[in-house]
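For reference, the structure discussed in these notes is given below.
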Amino acid sequence: MGFKDNFLWGGALSAYQCEGAYNIDGKGISIADVKKMGSLGKMREMTDGIVEGQYYPSHEAIDFYHHYKEDLALFKELGFRCLRVSIAWSRIYPLGDEREPNEKGLQFYEDLFLECKRLEIDVMVTLFHAETPYHLYKTYGSWANKQYITFFERFAKTIIQRYKGLVRYWLTFNEINGLPYLPGQSINYKKGNKQDLYQAAHNQLVCCAIATKYAHEIDKECKVGCMLLYPTTYPFSSKPEDNLEVLKFKQELSFYSDAQIRGYYTPNMLKILENENVSLDITDKERELLQIGTVDFISFSYYNSNVLGTTKEQLEQANGNIIRGIKNPYLQSSEWGWQIDPIGLRIALNELYDKYQLPLFIVENGLGAKDTVTKKDEIIDDYRIDYLRAHIGAMKEAVDYDGVDVMGYTAWGPIDIVGAGTGQMSKRYGFIYVDKDDQGNGTLQRKKKKSFYWYQQVIKTNGEEL
């Protein structure tokens, strides 16, 4: 009973939310670099290039680019066995369509991974985490353009070849099944254009297969996973129509995982495409790639559960990770309106494992909250400890009582980072506090929170002491 001895405890970051150094050492501009700060907590908006006088949170972020050794030392002190990071595409190929990579960008990640190796922290790399090079976005339009496959293949092969032996775990596209809910975040298609949406999704899935196949070919020791958004979803009522609504939602989410795990589009999904009058531009070679480029494990994010239904009543809505739903009266909510449901995580683990029978890895889970530094220079974040304790406990129950195979757990934002949606620093997830506010002011000083010492003990006891 309990977690395996080699269970991978750690934390997860994305490049544009932590690195900063947006125009240093040859890095090009990504779409994240032209997303200005959201007003009053609203979603960030893209500007036409970088506009003078606007505040862009990703430009400095928490300056992980220059602080990574200090931060890795803190992660080692926490006991990390695994660190998940992403690679900024425009740091390697500044425009995205060049033939030769930027050596200084490649060297930064090599130095980062070598430091992780020295500290005996396994590296998990996400190849694409919402960072399309801005030049590609402006020149080639959305991911529905098949030229993106060529550009991404060059980028992915460069990365996988360069870091062979330094990276043990690869993920392809972050939360790839979240595409329909954030049309402007990573693929730039017009909302409601199902043809472009599913063509873009197909093109990204082909990219996933190419990267997975290549990684398996050049490094027999590495493991490649898909990365999904997976909110456990309940029907609003026992009404059959509500249950059918949830079933259809799950089937559409599974379009992305089925392709990466089974290697083909299911008959159900093909029927959905037909009903939407979508005709995919798909070649025989691409079908073959999907069949060959299947993954070794499933990773996913889980922050909250969701409620869906067919009712026409004006019901209170709940916020969540990308997807909104009906407020669940049986659950408490975070300061940002995300409903807290640890049992939902146990359900998610069971649903995914029952369906696919592949090892699972929770690569994002955590609580965004406002932290206060006391007069004694302490951050007492018991609310974060309570959230994580309940969710790790639910994960443990899925392993102990349900027989689910879980490889690891990387808490989202182990150090405070800028928010993906709004760019806020005040929505903090970390065990480590970073002195910076929503306007970009602060010293960037790192400081341990109470949860730092709690998570340290969780890892030390392999999840036995929560």
Q) Based on the Cβ-Cβ distance from Asn275 to Glu316, what FRET efficiency comes out when R0 is 22 Å, to the nearest 0.05? A) 0.10
Q. What is the distance, in nm, between label points placed 7 Å from the Cα along the Cα-to-Cβ direction at Lys164 and at Glu335?
A. 4.8 nm
Q | Pairwise FRET efficiency - Thr443 versus Glu465, Cβ, R0 = 25 Å, nearest 0.05 | A | 0.15
**Q.** For Val418, distant residues with modelled amide H under 5 Å away
**A.** Ile62
Q. By the gyration tensor of its Cα atoms, with a ≥ b ≥ c the square roots of the eigenvalues, what is the shape of region 1-44: rounded for a/c under 1.5, prolate for a/b over b/c, or oblate?
A. oblate
Q) In whole Å, how far is the Cα centre of region 367-432 from that of region 64-134? A) 22 Å
Q. Can you list the residues, at least 5 places off or on another chain, whose amide H is less than 5 Å from the amide H of Thr126, using H built in the peptide plane?
A. Val85, Ser86, Ile87, Leu171
**Q.** In sequence order, calculated HN-Hα J values of region 59-73 (Karplus, 6.51, -1.76, 1.60; Hz; x Gly/Pro)
**A.** 4, 10, 6, 10, 6, 4, 4, 9, 10, 4, 5, 4, 5, 5, 4
Q: Sticking to Cα atoms, compute the Rg of the chain to one decimal and its Dmax as the biggest Cα-Cα distance, whole number, in Å.
A: 21.0, 65
Q) Between Glu288 and Lys370, what is the label-to-label distance in nm when each label sits 7 Å out along the Cα-to-Cβ direction? A) 5.9 nm
Q | For the chain, calculated [θ]222 nm from helices alone, where every DSSP H run of n ≥ 4 adds -39500 (n - 2.57) | A | -11500 deg cm²/dmol
Q.
Could you work out how much longer the chain between Asn193 and Ile218 gets when fully extended? Use 0.36 nm per residue separation minus the Cα distance between them, nm to one decimal.
A. 5.2 nm
Q: Just the number, please: Stokes-Einstein D of region 422-466 in µm²/s, Kirkwood Rh from C-alpha pairs, 25 °C, 0.890 mPa s.
A: 206 µm²/s
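For region 246-282, which GluC sites (Glu not before Pro) are both in a DSSP coil and crowded by at most 14 other Cβ atoms within 10 Å?
Passing both the DSSP loop test and the Cβ count: Glu276.
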Q | Neighbour-count order for Ile292, Ile459, Ile87, fewest beta carbons within 10 angstrom listed first | A | Ile292, Ile459, Ile87
Q) Which ³J(HN,Hα) values in Hz, rounded to whole numbers, follow from the phi angles of region 303-310 under the Karplus curve 6.51 cos²θ - 1.76 cosθ + 1.60, where θ = phi - 60° and Gly and Pro get x? A) 10, 7, 9, 9, 10, 10, x, 9
Q: Can you tell me the relative contact order of region 8-460? Whole percent, Cα pairs under 8 Å, sequence separation 6 or more.
A: 17 percent
Q) So which of Lys239/Lys327; Lys146/Lys355; Lys250/Lys312; Lys4/Lys220 end up more than 27 Å apart, counting from Cα to Cα? A) Lys146/Lys355
Q. Once amide H atoms are placed 1.01 Å from N in the peptide plane, what residues at a sequence separation of 5 or more from Arg428, or on another chain, have their amide H within under 5 Å of its amide H?
A. Ala369, Lys370, Asp371
Q) Cα to Cα, under 21 Å, and not fewer than 8 places away if on the same chain: which lysines meet these conditions relative to Lys69? A) Lys27, Lys104, Lys117, Lys436, Lys447, Lys448, Lys449
Q) Measuring from label point to label point, each 7 Å out along Cα→Cβ, what is the Glu100 to Ser237 span in nm? A) 6.7 nm
Q: Fewest Cβ neighbours within 10 Å first, please rank His67, His129 accordingly.
A: His67, His129
Q: Place +1 on the Cβ of every Lys and Arg and -1 on the Cβ of every Asp and Glu in the chain, take the dipole about the Cα centre, and give the residue among Gln161, Met1, Phe255 whose Cα lies farthest towards its positive end.
A: Gln161
**Q.** Gain in span if fully extended, Arg118 to Glu397, counting 0.36 nm per residue against the direct Cα distance
**A.** 97.1 nm
Q: Tabulate in residue order the Karplus-calculated ³J(HN,Hα) for region 452-463, using 6.51 cos²θ - 1.76 cosθ + 1.60 with θ = phi - 60°, rounded to whole Hz; enter x for Gly and Pro.
A: 4, 6, 5, 5, 4, 6, 4, 5, 4, 9, 6, x
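Read-outs: derived from the displayed coordinates by stated rules, not from any lab. Worth saying up front: this structure is predicted, and the values here are computed from it rather than measured. All Cβ positions, glycine included, derive from the backbone under ideal geometry; neighbour counts span all protein chains shown.
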